[in-house]
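Enquirer: First, the structure itself, so that you have it in front of you.
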Amino acid sequence: MKEIVVISGKGGTGKTSVTASFAYLSSANTVLADCDVDASDMHLLLKPELISSEDFFSSDLAVIDYDKCAGCGRCFEVCRFKAVSFELDKFKISDNNCEGCGYCANVCPSSAITLVKQNDGNLYISDTRLGKKLFHAELGPGAENSGKLVAKVKNNAKKYARENNLNIVLVDGSPGVGCPVISSLSGANFVVLVTEPTTSGIHDLSRVIQLVKKFHIKMGCVINKTDINYKASDGIKKMLVAENIPLLAELPYSDNFTHAMIKEVTVAEYDKGIRSMLQDAWDKINNLI
Amino acid sequence: MKIAIASGKGGTGKTFLSTNLAAFLSKTEKTALIDLDVEEPNSGLFILGENIHSEDIFRFSPEWDRTNCIMCGKCQSCCNFHAVLKVKDAIMVFPELCHSCYACSELCPTNSLPMKKYKIGVLNHYKFNELDFVEGRLDIGQEQAVPLISQTNDYTANRLQKVIGIYDCPPGTACPTVESVKDSDLVILVTEPTPFGLHDLKLIVKAMKQLGKKFVVVINRSGIGDDSVEDFCNSENIQIIAKIPNDRRIAEEYSIGNLVFDKFDFVRAELENIKAYILKAGGSI
């Protein structure tokens, strides 16, 4: 089983449009996982039919039982997250600031503080119109532990692939270089970098390449919107040569990405030219893994 | 006054709006631009200035000192993040799981887990004409953006007072976004009129309501997609304070790293709308 993860560093480079197109072009032996858990959009192109849904309980929140609280303020003293404040006549814990570390509960002399598990989101499994299973999730608004949710989505998808003898897990990752991205990279066999020839795109590409190198995972790159700035595109190509990263495709700046989205189809289905470029890229990936 | 520029979806134009709005405002108002998208800080690509301060940013994690340790296991039992593990004859610490709550360190009866500092990134402060620009920059391989965001916020609050602060926030709705917007007076949500834009706008609107934040919307690349974002805002009574047209020339200038607020009248007109809204709102905050 091979795991292919699509990431971009910068948001809005066309990562999800490219991933969904690969999902369309891939063989029937493929499972899809949307690990961009706080902005998961891939399902919008795949007409998912929900098969199962599971609550994701992960973080803790400290709650004071005022029947027991003696008002000593020990919780206030130990909290490093400015989550405890004294308001009117009592100590209060702010849901937004509480990190769930439990230090306050541990030291409260009246045992008035308990930790309550929070519902940080939902995990979904859906059938898609492509005939492939999609594992996806929705992180609760402002919730913690996106990295753990990413790991859970991916592990569920891999387990399903193993049990059903499917050989490709295709993962849509999240922007950035922090915890959810690192979580989506662990265990991957190949990383597709989707970038654009803008100063921001190049800056973020170089950061994300440094990150993937730490994991020693093979990479390939798709340059999107290549004609918006040919000079910058050439700069990216030079960077790829220097880093020994194969160029998988160069896609045009095209409104068809948006038009396809509105029609709820992948750009590969909507635009024949882009389809053949992405088919080419997908073939290259399959030869590289 | 703190104005957070956020979006659910990445790539909708947060950095584009933050940099152009800050540069535009700084012509007439005392303004600071703060880049809190510490995983991918891009505002600095558009704002070149004189570096007036740089510092390393650290977070604290415990380090085991075996000298006086009696292997009581209190550290393991009090850590809610499984970052401290008692094995046969040693205490293991996993700094990447540590949230720096200090419980193990302070509750240890023998002071065997002193807190040590680890570098997680840098903070830079630049001066660009009248504009102050502060950025946090996470080191590659560091997972936790929140401590860096929080310290960048603290630095700004201490050093820059009585300014309009424009905060370029990370994408998404997870903890880095919450940390970035939680002290703001107003959140401007940048979206694009597409199905992805709408889906992620709904998520961040939910998050803003939960946080009790005052927020408005700016539509970027207006005209490229459909009306669903405007319909949603109207039905939810969310004010749209500006619409920046979809124009390839903006994308081309952006790709080079240029600001466009003084280049295109149709952009300046929208920035004027946003400025008018901010100055009016400033009176009521």
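Any read-out appearing in this document is the output of simple, stated calculations on the displayed coordinates, not a laboratory observation. Given the structure is predicted, the values throughout are model-derived calculations rather than measurements. Don't worry about glycine lacking a Cβ; one is built from the backbone with ideal geometry, like all the others, and counts go over all protein chains shown.
Enquirer: Starting from the Cα coordinates of chain A, work out the convex hull volume and express it per residue in Å³.
Expert: Details: hull volume 45.4 nm³, N = 289.
About 157 Å³ per residue, rounded to a whole number.
Enquirer: Mind checking the full-extension length gain between B:Gln161 and B:Asp65? Use 0.36 nm per residue of separation minus the Cα-Cα distance, one decimal, nm. Let's see the in-between values first.
Expert: Values: separation 96, 0.36 × 96 = 34.56 nm, distance 4.23 nm.
This chain segment gains 30.3 nm when fully extended.
Enquirer: Let me ask something additional. When the chain is fully extended, how far beyond the present Cα-Cα distance does B:Phe266 get from B:Glu50, taking 0.36 nm per residue of separation?
Expert: On the way: separation 216, 0.36 × 216 = 77.76 nm, distance 3.00 nm.
Roughly 74.8 nm would be gained on extension.
Enquirer: Work the Kirkwood hydrodynamic radius out for segment A:58-119: mean of 1/r over every pair of different alpha-carbon atoms, inverted, in Å.
Expert: Details: mean 1/r = 0.0875 Å⁻¹.
When all Cα pairs of segment A:58-119 are included, the Kirkwood radius is 11.4 Å.
Enquirer: Another question, then. Taking each pair of distinct Cα atoms in segment A:1-105 once, what is the resulting Kirkwood hydrodynamic radius in Å?
Expert: Values: mean 1/r = 0.0548 Å⁻¹.
Kirkwood radius, segment A:1-105: 18.2 Å.
Enquirer: Moving on to the next point. If each of A:Asn256 and A:Asn155 carries a label point 7 Å out from its Cα toward its Cβ, how far apart are those two points in nm?
Expert: About 4.1 nm separates the two model spin labels.
Enquirer: May I ask for the distance between the Cα centers of segment A:78-157 and segment B:105-148, given as a whole number of Å?
Expert: Distance between centres, Cα-based: 23 Å.
Enquirer: Whose amide H sits under 5 Å from the amide H of B:Asp247, counting only residues 5 or more places off or on another chain, with H placed in the peptide plane?
Expert: none
Enquirer: What does the average come to when, for each residue of peptide B:173-185, you count the partner chain Cβ atoms lying within 10 Å of its Cβ?
Expert: Details: counts 10, 20, 11, 6, 3, 6, 3, 0, 1, 4, 0, 0, 0.
Other-chain Cβ atoms within 10 Å of each residue's Cβ, averaged: 5.
Enquirer: Next question. From the C-alpha coordinates alone, can you work out the Kirkwood hydrodynamic radius of segment B:64-113, in Å? Don't skip to the answer; put the middle values down first.
Expert: On the way: mean 1/r = 0.0937 Å⁻¹.
After inverting the mean inverse Cα-Cα distance, the result is 10.7 Å.
Enquirer: Please identify which residues in segment B:156-174 have an amide N closer than 15 Å to a label point set 7 Å out from the Cα of B:Thr28, following the Cα→Cβ vector.
Expert: Correct set: B:164.
Enquirer: Now for a different question. For B:Lys119, go through the lysines and keep the ones whose alpha-carbon is under 23 Å away, minus same-chain ones fewer than eight residues off.
Expert: Output for B:Lys119: A:Lys82, A:Lys213, A:Lys214.
Enquirer: On each of the three principal axes of the Cα atoms of the protein assembly as shown, give max minus min coordinate, whole Å, ordered largest first.
Expert: That works out to 68, 64, 47 Å along the principal axes.
Enquirer: Per residue of A:36-47, how many C-beta atoms from partner chains lie within 10 Å of its own C-beta, taken as a mean?
Expert: Values: counts 5, 3, 14, 14, 3, 9, 1, 1, 5, 2, 0, 0.
Average per residue, whole number: 5.
Enquirer: Still on this model: Run the quick spin-label model on A:Arg80 and A:His216: label points 7 Å from Cα toward the beta carbon, then report their separation in nm to one decimal.
Expert: Taking the simple label geometry, A:Arg80 and A:His216 are separated by 3.2 nm.
Enquirer: Mind telling me which of B:Gln151, B:Gln142, B:Gln210 comes out most flexible in a GNM of chain B, alpha-carbon contacts under 10 Å?
Expert: B:Gln210
Enquirer: With no solvent and one point per C-alpha, what does the Debye sum give as log10 I(q)/I(0) for segment B:53-160 at q = 0.20 Å⁻¹?
Expert: Here the Debye-derived log intensity ratios amount to -0.96.
Enquirer: Same structure, new question: Based on the Cβ-Cβ distance of A:Leu247 and B:Asp183, what FRET efficiency does E = 1/(1 + (r/R0)^6) give at R0 = 41 Å, to the nearest 0.05?
Expert: Details: r = 43 Å, r/R0 = 1.06.
According to the calculation, E is roughly 0.40.
Enquirer: Then there's this: In whole Å and largest first, what semi-axes does the C-alpha gyration tensor of chain B yield when each eigenvalue is scaled by 5 and square-rooted? Kindly include the intermediate steps, with their values, before the conclusion.
Expert: Values: eigenvalues 336, 89, 51 Å².
Taking √(5λ) for each eigenvalue gives 41, 21, 16 Å, largest first.
Enquirer: Per residue of A:140-151, what is the mean number of Cβ atoms on other protein chains within 10 angstrom of that residue's Cβ? Could the numbers behind the result be given before it?
Expert: Details: counts 6, 14, 15, 6, 5, 2, 5, 4, 0, 1, 0, 0.
Counting Cβ atoms of other protein chains within 10 Å of each residue's Cβ and averaging gives 5.
Enquirer: Arranged by the count of other C-beta atoms within 10 angstrom, fewest first, what order do B:Met208, B:Met115, A:Met277 take? The partial results should precede the final answer.
Expert: Values: B:Met208 23, B:Met115 16, A:Met277 19.
So the residues, fewest neighbours to most, are B:Met115, A:Met277, B:Met208.
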